[in-house]
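Remarks on the structure that follows.
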Amino acid sequence: FIYLLYVVDRHHLLYFGTPSYSSTTDEYWNATIGRVTKYKVAKNAQNQTVADPATRKILIGEKKTNGIPLLYNSHGLGSLVFADDKTLLISAGDAASYAMEDFGPNADTYFAQALADSIIRPNENVGAFRAQMVNSYNGKILRIDKETGDGISSNPFYQSSAPRSAQSRVWAMGFRNPFRFVVRPNTGSTLPSAGDVGEIYVGDVGYGRFEELNTIRYPGTNCGWPIYEGITPTSGDYYTQSFNIFNKDELNPLYGV
């Protein structure tokens, strides 16, 4: 099998399969999604190894409402890596602006399109702070079943009633742009049920003063972005303004009491 992680062109996302679709039309610099697909490969009549289009299976991003949100021309998709337990790991950036501090809504990004198309939910319109929301794909390392795309039951936020939800697929969080990562060989279990993928080394693009190399040893690890870079509070307003940004998915029942 071959696995692909890629950006879906907005025109294709919205119009493929309709009379409005054109295979020669591109819509760059617009809100869209990231997708993970799987193909079976085989030998053809010329003894070449090729992917069979008929075997295509979408693991993440079947439609615009359940892909990895992409709201900017960077901080999007990262890498695909298999763990020793044969689960598939995926990294995704925060989909926020790299040109300025992004608390959402930010006119520097494509947030308005993303909201109108339900690429993000209204609660996710918090810019870089999506990295701190377990119900968002952004700013995460995801862990899925390589056959179905479902989250793994040993994931830290897994929901048995919704195995394909974002939080069921989250393994680690709090990243800005984790564009490359690897798993150290022979450090994890070979059993998916153990919830031990081993040591993950993540290259995360820094904001102002640092570039990060994060070591992830445990499920649910939070690397702190956009409030921290490493153990240091973020420079500029990200740290000070974080106290005014609400996670509307997880409201504090004692707020205002």
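The values are calculated or read from the model by the stated rules, or taken from the named source; none is laboratory data. Predicted model, so just to flag it, every value in this text is computed and none were measured. Here the Cβ positions follow ideal geometry from the backbone for every residue, glycine too, while neighbour counts run over all protein chains shown. Side chains included, ligands, DNA and RNA excluded: accessible areas come from the protein's heavy atoms. Shrake-Rupley method; radii C 1.70, N 1.55, O 1.52, S 1.80 Å.
Worth pointing out:
- Among the residues of the stretch 42-51, those that are exposed (fewer than 12 other Cβ atoms within 10 Å of the Cβ) and not polar (S, T, N, Q) comprise Ala42, Lys43, Ala45.
- Residues of the stretch 111-142 classified as open to solvent by 40 Å² or more (accessible area, probe 1.4 Å) and of a type in the set (Ser, Thr, Tyr), total: 1
- Of the criteria (1) open to solvent by 50 Å² or more (accessible area, probe 1.4 Å); (2) over 20 Å from Tyr6 (Cα atoms), which one Arg164 fails: (2)
- Of all residues in the stretch 51-70, one or more are in a strand (DSSP E or B), among the polar types (S, T, N, Q) and modelled with pLDDT of 95 or more.
- Qualifying residue in the stretch 87-101 (condition: acidic (Asp, Glu) and modelled with pLDDT under 95): yes
- Filter result (in contact with a Ser or Thr (Cβ under 7 Å, 6 or more places away or on another chain) and among the aliphatic types (A, V, I, L, M)) within the stretch 203-250: Ile227
- Checked against the criterion of being in contact with a Pro (Cβ under 7 Å, 6 or more places away or on another chain), of a type in the set (Phe, Trp, Tyr) and on the phi < 0 side of the Ramachandran plot, the candidates Tyr238, Tyr201 yield just one match: Tyr238.
- Restricting attention to the stretch 1-39 and to residues that are closer than 20 Å to Gly149 by Cα and part of a loop (DSSP other than H, G, I, E, B), the residue that is most open to solvent (accessible area, probe 1.4 Å) turns out to be Phe1.
- Cross-chain or 6+ apart pairs with Cβ under 9 Å, the stretch 5-25 first and within 15 Å of Ile68 (Cα to Cα), then part of a helix (DSSP H, G or I) and modelled with pLDDT of 95 or more: Arg10/Gln113
- Here Ile68, Ile119 are screened, and the one residue that is farther than 28 Å from Glu199 by Cβ and in contact (Cβ under 8 Å) with a residue 12 or more places away in the chain is Ile119.
- Candidates Gly174, Gly220 - the one that is at positive phi, surrounded by 13 or more Cβ atoms within 10 Å (Cβ to Cβ) and touching a residue at least 60 places away in the same chain (Cβ under 8 Å): Gly220
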